[in-house]
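Structure record follows, encoded as structure tokens.
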Amino acid sequence: MMVPFLDFSLLANSVELIDGIWYSNGASNISYPEEGNSTCFELEDNSFWFKHRNSVIIEVLKNFPPQSGPFFDVGGGNGFVASAIQRNGLPVILVEPGKTGIQNAKKRGIINLVSSSLGDLQINESSISAVGLFDVLEHIEKDNDFLAQILKILKFEGRIYLTVPAYNLLWSAEDIYAGHYRRYSLDTITEIIKKAGFFIEYRTYFFSILPFPVFIFRSLPFKMGLGRNGKNINKKADDHSKREGITGRILDRIWSWEERKIMKSEIIPFGGSCLIVAKKPANKK
């Protein structure tokens with residue numbers, strides 16, 4: 001299904017189209033490493049982590065489909081998630097402040113690109129139908145204010161889809177390097193989303209096998225005073241590569257089990273990431 005090019009100026013003020021990319025006039029500071037998008041771009045296509053997250057997101061979109069209108073992938077980096085959504089026939093707008101990320105997303109064939117942070121766009125109130133925040137909220141210092149801003153621009157009964165890293169117990173040098181302000185539990189993220197004015201439709205953990213190795217190989221060394229400067233971050237390629245042999249087969253079965261659970265909107269009781277779908281209440285007027 002061909003995804004159309006969208007006139008973003010109908011949804012937001014103070015944007016300019018240059019070489020197929022919409023630009024805003026703002027320049028907000030972003031809590032994300034300058035080389036972050038370049039590093040991820042080298043990993044994503046061969047990463048079990050990014051591929052499994054995409055599979056989970058697509059299943060959730062099937063179970064809780066957006067209203068008609070474009071899906072906003074906010075802080076979507078190199079467009080890895082947006083490309084999967086686009087391949088499934090949904091009109092998606094990638095909103096990404098990083099210039100490297102936007103250019104990488106263009107190389108991936110993302111049609112609708114906005115080079116900006118969400119806060120720098122003057123999006124009309126109650127004008128968009130769906131927003132995705134996939135490992136974005138942890139980079140926002142005032143997460144509740146940010147969610148309240150999204151509630152304001154969403155249409156009534158519009159949906160927000162989120163993934164965030166789980167458990168403060170798993171905090172490590174990786175989080176500091178990535179520009180995270182926090183990690184979440186399902187209960188804490190649920191409370192924050194409700195406080196912003198949404199109601200929860202579905203929530204679960206995923207990456208159920210990851211908390212133990214993350215704690216042993218990242219969090220525990222960090223708590224012991226090792227790896228505080230992020231020098232070991234370049235080992236990410238090994239962390240993300242698909243495992244071969246019996247280990248790979250076991251992991252594939254676990255990821256398939258998680259996808260089946262999420263396909264049925266069932267809850268996985270623990271994991272390295274949280275997944276939430278929430279909705280803006282209907283207009284009662």
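Nothing in this text is a laboratory measurement; each read-out follows from the coordinates by a stated rule. A quick note: this is a predicted structure, and the numbers were derived from the prediction, not measured. Don't worry about glycine lacking a Cβ; one is built from the backbone with ideal geometry, like all the others, and counts go over all protein chains shown.
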>> Between ARG87 and ASN29, what is the label-point separation in nm under the 7 Å Cα-to-beta-carbon projection?
In response: 3.8 nm
> With axes computed from alpha carbons, what is the tilt in degrees of helix 143-153 against the longest principal axis of the chain, rounded to the nearest 10 within 0 to 90?
Replying inline: 30 degrees
>> Skipping prolines and chain starts, which residues have an amide H placed within reach, meaning under 5 Å, of the one on ARG108, given they are 5 or more residues away or on another chain?
In response: none
> Can you give the calculated 222 nm mean residue ellipticity of the chain, where each DSSP H run of n ≥ 4 adds -39,500 (n - 2.57) and the sum is split over every residue, rounded to the nearest 500 deg cm²/dmol?
Replying inline: -10000 deg cm²/dmol
> Where in the range 98-112 does the label zone of LEU17 land, with the point 7 angstrom along Cα→C-beta and an amide N cut-off under 14 Å?
Replying inline: 111-112
>> For the range 86-184, which GluC sites (Glu not before Pro) pass both filters: DSSP loop (anything but H, G, I, E, B) and at most 15 other C-beta atoms within 10 Å?
In response: GLU125, GLU141
> Can you give the angle from 0 to 90° between the axis of helix 245-263 and the longest principal axis of the chain, with both taken from C-alpha atoms, to the nearest 10?
Replying inline: 40 degrees
> What is the distance, in nm, between label points placed 7 Å from the Cα along the Cα-to-Cβ direction at LYS223 and at ILE176?
Replying inline: 1.6 nm
> Is any residue of the range 188-222 close enough, with backbone N under 16 Å, to a label point placed 7 angstrom from the Cα of ASN144 along the Cα-Cβ axis, and if so, which?
Replying inline: 188-199
> Taking R0 as 35 Å, what's the FRET efficiency between GLU266 and ASN168 from their Cβ-Cβ distance, rounded to 0.05?
Replying inline: 0.85
>> With an 8 Å Cα cut-off and a minimum separation of 6 or more residues, compute the relative contact order for the chain in percent.
In response: 22 percent
> What FRET efficiency, computed as 1/(1 + (r/R0)^6) with R0 = 45 Å and r the Cβ-Cβ distance, is obtained for SER9 and SER185, rounded to the nearest 0.05?
Replying inline: 0.65
> Tell me, what HN-Hα J-couplings in whole Hz come from the Karplus equation 6.51 cos²θ - 1.76 cosθ + 1.60 at θ = phi - 60° for each residue of the range 107-122, using x for Gly and Pro?
Replying inline: 4, 6, x, 5, 7, 10, 10, 10, 8, 5, 7, 5, x, 8, 8, 9
